[in-house]
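Chemist: The structure follows.
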Amino acid sequence: MMIKRIEEETEEDVTIALDRFRTELIEKLERLFNITIDDRNKRLRLDNLGIDIEKFNQRTKNKVNSERFGGFSLLITGTALVHALSDQSKMKFLELSTMCKAVICCRVTPLQKAQVVELVMKNEKVITLAIGDGGNDVSMIQSELQFKIIMNRK
């Protein structure tokens, strides 16, 4: 699995790291699927790129071009997440996160957990899984529940 670690501490460095990861994702997809992504500003989604999700999942299980590939994953620290969740970067963070099989946010605050859950649920309309260790995760749980209640009313 291709694992990207984002541990930077400044907004500028986090932005650079996110951009670098995006470029690495594009280059890996182009190489694995023998495609050319002409519009690199277009949102990265497998279906937007003409990549069959079944083929993608199949390639993550088998060797491709003599290269083992288990998909993408992202590990981001709480310090970096502060900047990744800023208004300028949150959609890029979401885009990259949704291209990953796993996203691990470590050393984050309960508020950051809630913000990540809300970002995914609000923009992707998918079920999220957020894991916490107890009482300090109330805001994350309430954020998820509030969003579900609002969505059910519509």
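Chemist: Looking only at helices (runs of 4 or more DSSP H) that lie completely in region 54-154, which have at least 3 residues being at pLDDT 65 or above and among the charged types (D, E, K, R)?
Modeler: It comes to 90-98, 110-124.
Chemist: Which ones in region 1-45 are surrounded by 15 or more Cβ atoms within 10 Å (Cβ to Cβ), of a type in the set (A, V, I, L, M, F, W, C) and in a loop (DSSP other than H, G, I, E, B)?
Modeler: Matches in region 1-45: Ile37, Leu44.
The values are calculated or read from the model by the stated rules, or taken from the named source; none is laboratory data. Computed from a prediction, not measured in an experiment: that's the story for all the values here. When we count neighbours, we look across all protein chains shown, and the Cβ atoms used for this are built from the backbone with ideal geometry, even at glycine.
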